[in-house]
Every structure is written in C-alpha cells, then in structure tokens.
Amino acid sequence: MTNTRLTSLAAFGAACLVSATAIAESPVSAQVYVTARGTGQRLARVEDLKFTDLPQPSEKQPAVFVDATKAAQTMVGIGGALTDAAAETFYKLPKDKQQEVLRAYFDPQNGIGYSLGRTHIHSCDFSSESYTYVADGDQELKSFNIAHDLKFRVPFIKEVLATTGKNNFTLFASPWSPPAWMKDNGSLIHGGSLKPEDYGAWAEYCAKFIKAYQAQGIPIWGMTVQNEPMANQRWESCIYTAEQERDFVKNYLGPTLAKNGLSGIRIMIWDHNRGMMYQRASVVLDDPDAAKYVWGVAYHWYVGDHFENVKAVHEAFPKTHLLFTEGCEGPFDASKLDDWSVGEKYGKAMINDFNSGAEGWTDWNVLLDEQGGPNHVRNFCFAPIHGDTRTGALHYMNSYYYIGQFSKFVRPGAKRIVSSSTLDELLTTGFVDKNGVTVIVMNETENDQPFYLWMNNRAAKTHSPAHSIMTFVIPKAG
C-alpha cells in the first residue's frame with residue numbers, strides 16, 4: 001500500500017463514537033476522509049470541517065442530519081474471509097508483500113483494521129482441492145484431524161491474529177458440505193442432503209473442528225449451520241429445507257455444542273441470500289426449542305438487493321442478531337480490476353445493511369491470485385486485493401478503499417445511530433462510541449453535491465464529490 005493512497009491514516013488513532021455525556025455536546029469539528037473516482041484520493045485525509053450554529057436548515061439547504069441520542073445495534077466487526085485460496089496466495093508472495101497484506105487489512109493504524117473474519121470447515125470452492133478431516137465411513141470420527149489446514153490456512157490465520165491481537169479479532173466458521181458418506185447423494189458437490197442417521201455425527205464433527213482450531217490457538221467465536229443451504233452447486237454444497245435446518249439445530253447441533261463445552265459458540269442460521277431470509281428465519285425462530293440455540297441470522301448479497309427483508313427480520317425478531325457473511329463480485333475479468341462500480345456496490349450494500357440492523361459485515365476472500373483463485377472448479381472472482389504470484393505485485397481494487405471507509409473508523413462495540421439525508425443522491429449511515437461520532441456519506445451520481453452535516457443545532461458546510469464515499473469523524477469534545 002502506498003502512502004499516497006492512504007494519506008494520513010496512521011494519524012487517525014481510534015476516534016469513532018461518543019459517550020453518553022458527549023452525546024449532548026455540540027460538535028466543534030470533523031475530520032474528513034475521502035475516496036473518489038477520477039482523483040488520487042483513496043481514504044485520503046482532507047481539510048477538517050468546522051461547525052457553526054444552524055438551528056433550523058431550510059429545505060433549500062441539503063443536509064445530512066445526525067442524531068447520536070438514538071442508538072441501535074452494537075457492532076461486532078467488519079472484515080473478510082480467511083480461506084484456503086487467500087492463504088495459498090499469501091504464501092506464494094514475497095515476504096515483504098505478505099507483511100504489506102497483513103498491514104493493509106488488519107492494522108487499524110496503517111491499514112483498514114479488519115476485526116471480523118470467516119473461515120470454512122474443510123474444503124469449499126476456494127480451495128485447491130476437495131477434502132475432509134475424516135476417513136470415509138468413520139462414523140465415530142476416530143480419524144479426525146486438520147492436517148490439511150496446518151500447511152497454509154492455520155498459519156495464515158495465526159499471522160492475522162498476531163497482527164490484530166487475538167482479543168481484537170472475531171472469527172466464525174461455515175461448512176460448505178458434510179463429508180460425502182454422510183450425504184444422500186454420496187458426494188461433496190452437487191447439493192444432496194445430510195442423511196438423518198448422520199445428523200449426530202455431523203454435529204460432533206463441527207464440534208471437533210472448533211476444538212481443533214482452539215488447540216491451535218485460534219478461537220472460533222461462532223458458526224453458521226450451512227453455507228447457502230438452498231444452492232445445488234458444482235462445488236461443495238448441501239441442501240437443507242428450513243424445517244431440516246430447524247430440527248438439526250434443535251436436536252443435534254445446539255445440544256452437541258453444549259455437551260462439548262461449546263455453548264458459547266454463536267449459531268447462525270440461513271447464510272444465504274437476502275431474498276428468502278425472512279421465511280427461513282421465521283421457521284426456525286418461531287420454534288422456541290430451536291430459537292434458544294440461535295444467536296443470529298447470517299446472509300449474503302447475491303440475487304438482488306432486498307434490503308427490506310433484512311429490516312423485516314430485524315423488526316420481527318429484534319432480539320436476534322443479523323450478520324452479513326459473504327459478498328463478492330465475479331466472474332473474474334482482469335479488465336475490470338479498476339471498475340469503480342465494484343466499490344460502489346460495496347458501499348451501497350454496507351450502508352443499507354447497517355441501516356437495516358446488521359451488526360457486522362464480512363466480505364468474501366481477503367486475497368486472491370492473478371486469476372481470481374485458486375479455485376478447484378474455476379469459479380474465479382474478485383477480491384479487494386489481488387496478489388500476482390508470478391511477479392509478487394499487489395493490486396488494490398477500489399472495493400478495498402470503500403470497505404476501509406467503514407472498517408477503519410467503525411470499530412467493534414460502536415452503536416449505529418441515526419444519520420438521515422434529505423437527498424436521494426446521498427446515502428448515509430452513522431455510528432457512536434466513547435470517542436466520538438462517525439458518519440459515512442456516499443454519492444453514486446456524476447455530480448458533486450453540496451450539503452450541510454448537521455448535528456445538535458450546528459452544521460458544517462461541505463460537499464460530496466461525484467462517485468465518492470466520505471467518512472466524517474466528529475471527536476468527543478475536550
């Protein structure tokens with residue numbers, strides 16, 4: 001990462017949210033960070049704003065209104081997936097580039113401070129091959145071992161934890177498929193379903209995975225029941241109906257984790273697109289015997305936006321947590337590595353998901369190679385950083401900077417607040433913690449847009465450049 005692309009990030013520190021005392025205070029100034037198309041600005045620190053008294057803006061004064069007294073969900077974190085593909089690519093890069101990747105993603109001062117990660121239980125499509133942790137037919141799981149992961153993925157995750165500090169990074173896991181012999185189609189791929197007689201063995205398998213990673217010094221915070229349980233894919237996949245997922249959680253996964261001393265593992269259901277998430281969530285959460293084991297509902301962004309469905313789940317089940325667990329762009333095409341719309345898709349999704357109740361946001365692979373892999377079924381896609389394993393060069397997509405406009409400034413423990421735009425052209429969300437208020441404003445249009453940033457009867461006049469995303473950090477007074 002070049003200094004010109006992350007201007008003054010190291011000087012930022014930890015300012016993000018205000019305490020109860022500071023909420024009542026009037027804002028004095030705001031630090032401003034900008035990523036804008038057609039400029040050299042990439043998370044660039046620009047001139048600070050000064051607030052002056054403005055009790056009542058007129059309708060002719062476009063504004064973003066911030067109310068830090070109305071706090072909503074608490075943030076878990078923002079980050080990406082630590083996959084086999086990311087780990088294999090990482091170790092094919094020169095040592096200095098490896099360190100740059102770790103800094104760029106996981107250092108909150110000199111990078112964008114990822115605090116949340118996802119990994120997979122044995123292989124997924126973004127592995128170089130299909131594999132599991134047990135021998136075929138081993139119902140008692142006596143052969144269970146994670147030897148495959150010890151070559152690349154476990155060492156990579158350990159380097160991430162060394163960069164962030166183990167207590168500053170939240171990692172959850174997802175299975176793409178049970179072992180082939182546990183499924184009715186006898187295959188890891190092409191869907192199929194978990195055989196009822198193997199529900200117990202599969203639940204024990206998941207518990208063994210969590211314990212094996214813990215033994216490596218890698219704490220697993222939570223897990224999803226199944227990646228994309230309605231997708232019959234040509235890679236690792238497994239089908240569950242909503243009722244099957246409910247009964248597996250209620251009768252097997254929840255009790256098995258508890259029996260193994262893992263009742264603190266957060267179980268998340270669904271882990272598929274927003275479109276079906278209300279129906280899938282309601283089937284499980286309307287059953288109290290299943291719901292008692294469920295921490296939250298995980299979801300992805302493919303096949304339409306459907307942000308209203310995230311909000312519907314949040315409103316119907318307000319005690320259930322929501323976590324965005326996967327999104328990426330593809331198929332990979334090297335000519336689109338600098339396509340500005342990729343970053344804008346991330347910005348739009350993150351703003352709308354947070355405003356709908358999401359407590360965290362997880363991109364897909366943190367790192368891929370020059371082909372958008374490795375991937376054993378050639379399902380190549382984009383990542384915010386691509387590493388050329390032939391030359392050692394790193395390429396930062398604009399998605400890296402768009403995600404960074406959130407992840408660097410919105411830290412775990414922050415609470416979402418009201419940030420309301422008077423203009424359809426400006427998307428916005430806001431957060432508060434003990435250090436100050438953070439407001440994100442995004443402009444997808446071709447035009448610069450002047451507006452007032454307004455809070456507690458004071459306002460700062462500013463403007464949103466065309467095709468840009470801005471982060472305003474309003475420090476706690478004093």
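FYI, it's all coordinate maths here, none of it is from the lab. Everything quoted here is computed from the prediction, not taken from an experiment. Every residue, glycine as well, gets a Cβ built from its backbone with ideal geometry; the counts of neighbours run over all protein chains shown.
Hey, got a sec? Which trypsin sites (Lys or Arg not before Pro) in segment 128-231 land in a DSSP loop and have at most 10 other Cβ atoms within 10 Å? Passing sites in segment 128-231 are 142. Taking the fewest neighbouring Cβ atoms within 10 Å as the starting point, the ordered list for 376, 272 is 376, 272. The 3J(HN,Hα) values that the Karplus relation (6.51, -1.76, 1.60; θ = phi - 60°) gives for segment 229-235 are, in residue order, x, 10, 10, 8, 10, 7, 10 Hz. Gly and Pro appear as x. Of the residues 291, 113, 352, the one whose Cα sits farthest towards the positive end of the charge dipole of the chain is 113 (charges of +1 on Lys and Arg Cβ, -1 on Asp and Glu Cβ, taken about the Cα centre). If you count Lys pairs in segment 221-374 whose Cα atoms are under 28 Å apart, skipping same-chain pairs closer than 8 places in sequence, the total is 14.
Between 387, 170, 30, the Cα set farthest toward the positive side of the dipole of the chain (charges on each charged residue's Cβ, about the Cα centre) is that of 30. Most simply put, segment 77-412 has about 15% antiparallel DSSP beta bridges, counting only bridges with both residues inside it.
Here the chain is assigned +1 on the Cβ of each Lys and Arg and -1 on the Cβ of each Asp and Glu. Its dipole about the Cα centre then comes out at about 1320 debye.
Relative to the current alpha-carbon distance between residue 393 and residue 378, full extension at 0.36 nm per residue lengthens the span by 3.2 nm.
In segment 77-412, Cα pairs under 8 Å separated by at least six residues give a relative contact order of 21 percent. In terms of surrounding Cβ atoms within a 10 Å radius of their Cβ, 336, 97 rank from fewest to most as 336, 97. Of interest is the spacing of the C-alpha centroids, which for segment 361-397 and segment 40-99 amounts to 22 Å. If you take the square roots of the eigenvalues of the alpha-carbon gyration tensor of segment 65-158 and sort them as a ≥ b ≥ c, do you get rounded (a/c under 1.5), prolate (a/b over b/c) or oblate? Verdict is oblate for segment 65-158.
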